[in-house]
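Notes for the one structure printed next.
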Amino acid sequence: MIKGTGKAYRRAKKRRREMTLPEVLLWQKLRRNGTGHHWRHEHPAGPYSLDFYCDAAKLCVEVDGEAHERGDRPARDARRDAWLAANGVTTLRIPAADVLRNLEAVVRLVSESARERAPLHRPSDGPPPPAELGEE
């Protein structure tokens, strides 16, 4: 699991108490196992705090408000996404307005993205032959 710095841990703890409405709505769906995967909210990763993180899928979901479109935020977000990608984590950015407008579609998108990266069940052709089990 990707770990965070001390500063990131403190920031994540604070942000867990200051969730926005879109984050609250999405978190309620994700934590009730709506995707079949385990999710963490405000997970510290390096110097960053990830809105939602699934370790099995190495997937980060960021709920972006309109502030992410202004000033230096797009460049900061790009640096952050590049750092996460270098550490094997894919970032899925979802506009906050989309969460408010169509929560079920967002949950489906997150679910499909997690499933593509970490299938819940591995295909199997049945049990292994007895020789592989150590039986003769």
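Here are a few things to note about the model shown:
- Residue match in segment 80-95 (condition: modelled with pLDDT under 90 and of a type in the set (Phe, Trp, Tyr)): no
- Residue match in segment 101-109 (condition: of a type in the set (Asp, Glu) and at pLDDT below 80): no
- Selection within segment 15-38 - in a loop (DSSP other than H, G, I, E, B) and in contact (Cβ under 8 Å) with a residue 24 or more places away in the chain: Thr20, Gly34, Thr35, Gly36, His37
- Total residues in segment 1-48, condition β-branched (Val, Ile, Thr), over 19 Å from Arg117 (Cβ atoms) and modelled with pLDDT under 85: 1
- Number of positions in segment 41-61 that are in contact with a strand residue (DSSP E or B) (Cβ under 8 Å, 6 or more places away or on another chain) and surrounded by fewer than 17 Cβ atoms within 10 Å (Cβ to Cβ): 2
The values are calculated or read from the model by the stated rules, or taken from the named source; none is laboratory data. The shown structure was predicted, so the numbers you read here are calculated from the model rather than taken from an experiment. All Cβ positions, glycine included, derive from the backbone under ideal geometry; neighbour counts span all protein chains shown.
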